[in-house]
Each structure stands twice: as structure tokens, then as C-alpha cells.
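The values are calculated or read from the model by the stated rules, or taken from the named source; none is laboratory data. Quick caveat: nothing in here was measured; it's all calculated off a predicted structure. Protein only, heavy atoms only, side chains kept; ligands, DNA and RNA dropped before computing areas. Shrake-Rupley method; radii C 1.70, N 1.55, O 1.52, S 1.80 Å.
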Amino acid sequence: MLLQTLSTDGNMMVDSLAIMEPGKGDIGLLDLMIKGGYMMIPLYALFVLAIFIFVERIITLRKAAKSPKHLMDQIKILVQGGQVEKAKILCAQENTPVANMISKGLERIGSPLKNIEVAIENVGKIEIYKLEKNLNLLATVSGAAPMIGFLGTVAGMIRAFIGVAQEEGMVSPKLLSTGIYEAMITTATGLVVGIIAYLGYNYLVTQVSKLVHNMEYTSIEFMDILQEK
């Protein structure tokens, strides 16, 4: 009896050591991504879309922010010297939102200041629309990804419990736990994609706000130049 007890205890210790063995049963990231199910496909698509929009907007905003430090000083000298055409050429070479606004104002020189101001504001609205392009889509991704992840989890849990209901006799804990962790993968993935998209969206909105402020300041400065003329 004693020998049987010792033998049983020894087998239990071996099993416990096998469970605690480092690296045993580890699941790689790729395996987890595959085990998430078909709901992972739209999440992958949203992730790629979010990265594409973020990179494309970063490149666009950096190009839009590039402008000579002394652009307005040069414009002021040319306008006051009556060299409006050279000022237009200078703006055309830059092809930035600020330069496009000033170029429209230069084209309206000779008109009432109110008309020039309105023309500059209209161009500014168009340029702001270009700067904000696809930002709403990125915001949509940040909200939709977690919801899709939750939907995938609910669908996975339903499948897991259906499998348990169809199981005859004792239900294996492994069967239930496997179904649950596979379902939870979509929630984790959805949250990760949503957080990345949300952070990217807020960063881009901040950059756009800085550019808009610079555009407003430049337009006011240009109108002051015209009034001094």
C-alpha cells in the first residue's frame, strides 16, 4: 500500500514538472493570430488601412508644412515694389497651402480688401479639406476595430458552448478553455488595432491644427501687407 502511494505521488510530481517545464506548451504570436478565426481577417485589413492612412497623411502634412522661413518677407518686398508677378511665381514654386492662399490673394490685388480676404478664406477651406482627407476614416477604424473584436469573441464563445453542448459525458476543460482563449484573441487584436488607430488619429489632428493656425496667421499677415501698400 505504501509503495503504491509513493508511486502515485512520484507520477504526480513528474506530471507537475512536465507542466512547469520552460517552453512547454508555449504558443507563438503567429499561432495566436491564426487561431483567432475568420474575424481576424477584417481586423488585419483595418490594421493595414490604418497604417496606410497614417503614413500617407504624415508625408502629406510634412510637405504642406515646408515653407521658406522668410516667405512673407519676400512677398512683402515684391508687393510693395510692384512686382506682383514675381510674387506669384514665388508662391507657385512652393505649392503649399500657405503659398496657394497667398497666390489667390495676389491674383485679387486691385479688388476691395474684403473680396481678397474672402478669396483667401475660400482657398484656405479647400486646403484644410485636403489636409483632413481620410482622417474621419482613421477615426472610424479606431472605433470599429474593437467592436469587430468583441463580435469575434461573442461568435467564438457561442461556438465553444455549442461544442460543449454537443459533447457527450464529461466535458473536457481543455475543450472549453481552448474555445474561450481562441475567442478572446479577436478582442485583444481589435483593441490593439483600435488603440493604434486612435493614437494616430489624434496625432494627425494635432498636426493639422498647427498647420491651420499657421495658415490663419499668414493670411492675416498678408492682409496687413496689402493695407500698408
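Results, tabulated for the structure shown:
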| item | result |
| --- | --- |
| List M184, M40, ordered by accessible area with a 1.4 Å probe, largest first | M184, M40 |
| Whole-number accessible area per residue in Å² for the range 69-228, which is evaluated in the context of all protein chains at 1.4 Å | 58 |
| Theoretical gain in end-to-end length, N136 to V55 [0.36 nm per residue, Cα-Cα removed] | 27.7 nm |
| Surface accessible to a 1.4 Å probe, K86 within the full protein complex, Å² | 120 |
| Value of Rg to Rh for the range 69-228 (Rh from inverse mean 1/r over Cα pairs, i.e. Kirkwood) | 1.42 |
| Value of relative contact order over the range 69-228, rounded to a whole percent, pairs C-alpha under 8 Å and six or more apart | 28 |
